[in-house]
Amino acid sequence: MRIQPLTVDLRRGKFEVRRQMDVLERSQMKIAKIETFRVRVPLHPVSWHSANITGWSGAWWDLPVVLLRMTTDSGLSGLGEAPKGVAESAIRQYAPLFKGRDPFELNWQHLPIGDVWSRASGAYQAYETALYDLVGKALELPVYQLLGGAYRSRVRGSLCSGQMWPEDAARRARRAAELGIDVLKMKANLGDPVVERISAINKAVGTAVRVTVDAGEHLQHPRHVLEIARGLEPYLDNIECFEDPVSRSNLDWYVLLREKLDFPLALHLGSHQEVINAVKREACDYLNLGRSLNDFKKGSAIAEAAGMPVWHGSGVGLGISEASHIHACAATKATTLSSDIVGEMLRVDDLIVRPLEFEEGYFKVPQEPGLGVELDEEALERFGVR
């Protein structure tokens with residue numbers, strides 16, 4: 001498929017647009033092949049939990065990941081990545097719904113595999129990302145342009161970890177500072193030495209690195225959150241926010257905590273209705289959003305209307321999903337906080353030929369057509385699993 005250059009003739013008072021597709025050629029472009037690849041890429045040692053800590057997040061980061069490649073009869077291909085733990089069969093079962101279809105005729109807002117919130121959501125994200133990559137390449141446009149254009153040319157990143165002993169937390173903070181990253185996200189459970197971790201980080205890097213304490217709803221009751229908060233009073237400049245300290249279903253608790261805490265409160269939410277409910281109740285200061293490209297954009301629009309900052313969550317993914325996150329962050333005005341685009345800093349490989357460009361705490365938004373990444377076939381062979 002060839003796209004002719006855009007020509008504008010203003011001297012003769014004419015606006016002539018010659019950037020157009022060959023209609024016949026486009027109508028003949030069909031999805032001819034869909035491939036899936038199951039991989040498991042390990043983490044670097046002591047990049048998640050400290051030794052002798054299993055943590056409430058367990059070994060979720062070690063679950064296999066399914067990659068998807070969608071190829072047309074013209075030879076163009078698009079890449080997608082499902083969230084960790086989604087079965088390969090769950091992805092492959094939808095291939096017949098896409099084979100033989102023109103990618104330009106599909107409704108990207110609602111793909112034919114069920115709603116994004118349904119059990120098919122993992123498949124939904126993989127296929128949606130692959131379609132955006134494919135169509136971006138066909139139009140010679142980066143994905144952020146397909147999402148409406150970029151608000152920024154670079155996206156802030158954070159460094160993430162699981163539950164760590166204070167000395168390991170200090171080492172992670174030093175590593176973050178070396179990379180120019182000013183936010184470190186750490187998991188926490190009831191009974192964890194949260195105050196001791198923050199104290200160790202303060203001694204290691206001062207206030208150069210702030211911590212997002214992600215409790216995953218495991219602090220059980222507001223009184224436990226307030227007890228930890230009292231211990232953190234000397235280190236308020238080291239706190240970015242508390243994320244999901246108690247059950248997300250109890251917004252009354254979040255309203256109470258927001259009144260009493262001296263640092264921001266964040267909610268990691270899924271459906272748009274959950275976002276609307278949290279905004280209406282003024283239950284938090286920040287939002288952690290994710291899901292598909294279109295879904296993230298819609299959730300971020302709600303947050304923008306409410307004047308609430310957003311960051312993009314991540315499942316410690318590989319290069320394909322993280323590239324899609326960067327495009328989504330670039331195309332949404334409210335995404336001003338440090339996003340969890342951290343896979344390449346934690347895993348031994350990201351399975352893309354050229355790493356995402358990162359400098360002084362920021363990821364550069366890819367300018368190449370589509371996602372701007374290429375699957376590393378050698379790495380795919382090395383980390384593939386049955």
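Values in this text are rule-based calculations from the coordinates and carry no lab data. Everything quoted here is computed from the prediction, not taken from an experiment. A quick note on method: Cβ atoms are made from the backbone with ideal geometry, for glycine too, and the neighbour counts reach across all protein chains shown.
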For residue 178 and residue 203, what does the FRET efficiency come to when R0 = 22 Å and r is the distance between their Cβ atoms, rounded to the nearest 0.05? 0.85
Pick from 287, 79, 251 the residue whose mean-square fluctuation is largest in a GNM of the chain, springs joining Cα atoms under 10 Å. 251
Given points 7 Å out from each Cα along the Cα-Cβ axis, report the residue 354 to residue 305 separation in nanometres with one decimal. 3.9
Can you give the % of DSSP beta bridges in the chain that are antiparallel, to the nearest 5? 50
Distance histogram in 20 Å bins (all Cα pairs of the chain, percent per bin): 27, 55, 16, 1
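What does the C-alpha gyration tensor say about the overall shape of region 154-374? Classify as rounded when a/c is under 1.5, otherwise prolate if a/b is larger than b/c, or oblate. Mind dumping the intermediate values first?
Numbers: a/c = 2.06, a/b = 1.20, b/c = 1.72.
Taking the square roots of the gyration eigenvalues as a ≥ b ≥ c, region 154-374 is oblate.
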State the extension gain, in nm to one decimal, for the chain segment bounded by residue 256 and residue 152, taking 0.36 nm per residue of separation less the distance between their alpha-carbons. 33.9 nm
Amide H contacts under 5 Å for residue 32, restricted to residues at least 5 apart in sequence or on another chain and with H modeled in the peptide plane, are 71, 72, 73, 100
Estimated distance in nm for a label pair at residue 276 and residue 378, the labels positioned 7 Å out from Cα along Cα-to-Cβ: 5.1
The FRET efficiency for residue 33 and residue 140, from their Cβ-Cβ distance with R0 = 25 Å and rounded to 0.05, is 0.70
Can you tell me which of 259, 88, 282 moves the most in a GNM of the chain? Springs connect C-alpha atoms under 10 Å apart. 259
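Only helical DSSP H runs with n ≥ 4 go in: add -39500 (n - 2.57) per run for the chain, normalise by residue count and round the 222 nm mean residue ellipticity to 500 deg cm²/dmol.
Working: 13 runs with 125 residues, N = 386.
Computed mean residue ellipticity for the chain: -9500 deg cm²/dmol.
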P(r) of region 87-225 in 10 Å steps, Cα pairs, percent per bin? 10, 26, 19, 24, 18, 3
